[in-house]
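The values are calculated or read from the model by the stated rules, or taken from the named source; none is laboratory data. Keep in mind that this is a model prediction, so the values were computed, not measured. In this analysis, Cβ positions are derived from the backbone assuming ideal geometry, glycine residues included, and neighbour counts consider all displayed protein chains. Calculation scope for accessible area: heavy atoms of the full protein, side chains included, ligands and nucleic acids excluded. Shrake-Rupley method; radii C 1.70, N 1.55, O 1.52, S 1.80 Å.
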Amino acid sequence: MRKPVVGVMGASNNDALSDEEEKRLKDLADDLGAALAKHDCFLVTGATTGLPDLVARAFRKQGGFALGISPAENRAEHLDRYGLPEEGADVIIYTGFGYKGRNVINIRSVDIVIIFGGATGTLNEFTIAYDEGKIIGVLEGSGGVADHIRQIIDICNKPSRGIVLFDNNPETLVQRCLETWSDREKVLCS
């Protein structure tokens, strides 16, 4: 079976992620990055700052391969116009599609989406993943959008092929998401 591709979507520094909130969630980000590396996943992020960057750096320290998908059209725009980092990715794909276009590519490129904190951009990524029937893991207790996903699903009351799993422990959440993905892969391959 192929390696799973997991996208971590969460609060960037542009999403009103305060320094205090980033410090509070650093250990959780480290644990999530370590869990993804331990389970031999590929990681996709929006090549951004904040929580996805913290997860990607922890993941890469554990030997994982991280792909960043940038809203910029090239490296100069990524660094100068958007002010985004390079250190959280082994490879960056420059889309030139801006944030919203990049979000669609992020979601369509992964098997599993993990929601970690977040604001408007993360909500956009969640709704795309939900509409497209992805496996979505929500890291509860990470603040922002992640702590309101249950209410969003209830309010929207929209049927979906998506499977949404909730947990406040990164290792357990990753395991549950991977088990669900494995079950889906078995059905697709049979």
Look through the range 129-157, keep the residues that are of a type in the set (A, V, I, L, M) and over 15 Å from the mean Cα position of the chain (by Cα), and return whichever of them is farthest from ARG108 (Cα to Cα). ILE155
Of all the residues that make up the range 106-132, how many are over 20 Å from GLU21 (Cβ atoms), touching a helix residue (DSSP H, G or I) at 6+ places or on another chain (Cβ under 6 Å) and of a type in the set (Gly, Ala, Ser)? 1
In the range 45-55, what residues are part of a loop (DSSP other than H, G, I, E, B) and either closer than 13 Å to LEU32 by Cβ or not β-branched (Val, Ile, Thr) (or both)? GLY46, ALA47
Could you check SER160 against (1) within 14 Å of the chain's Cα centre (by Cα); (2) surrounded by fewer than 19 Cβ atoms within 10 Å (Cβ to Cβ) and say which number it fails? (1)
Would you check if ARG176 is in contact (Cβ under 8 Å) with a residue 12 or more places away in the chain and either under 22 Å from GLY46 (Cβ atoms) or assigned to a helix (DSSP H, G or I) (or both)? yes
Answer from ARG81, ARG60, ARG75 - the residue that is modelled with pLDDT of 95 or more, open to solvent by 40 Å² or more (accessible area, probe 1.4 Å) and closer than 21 Å to LEU173 by Cβ: ARG60
Does GLY101 satisfy being open to solvent by 10 Å² or more (accessible area, probe 1.4 Å), of a type outside the set (Asp, Glu) and in contact with a helix residue (DSSP H, G or I) (Cβ under 9 Å, 6 or more places away or on another chain)? no
Sort through THR127, THR122 and tell me the only one that's touching a strand residue (DSSP E or B) at 6+ places or on another chain (Cβ under 6 Å) and assigned to a helix (DSSP H, G or I). THR122
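For every residue, the table says whether it meets (1) at positive phi; (2) assigned to a helix (DSSP H, G or I).
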| position | (1), (2) |
| --- | --- |
| ARG57 | no, yes |
| LEU67 | no, no |
| ALA76 | no, yes |
| GLU87 | no, no |
| ARG102 | no, yes |
| GLY118 | yes, no |
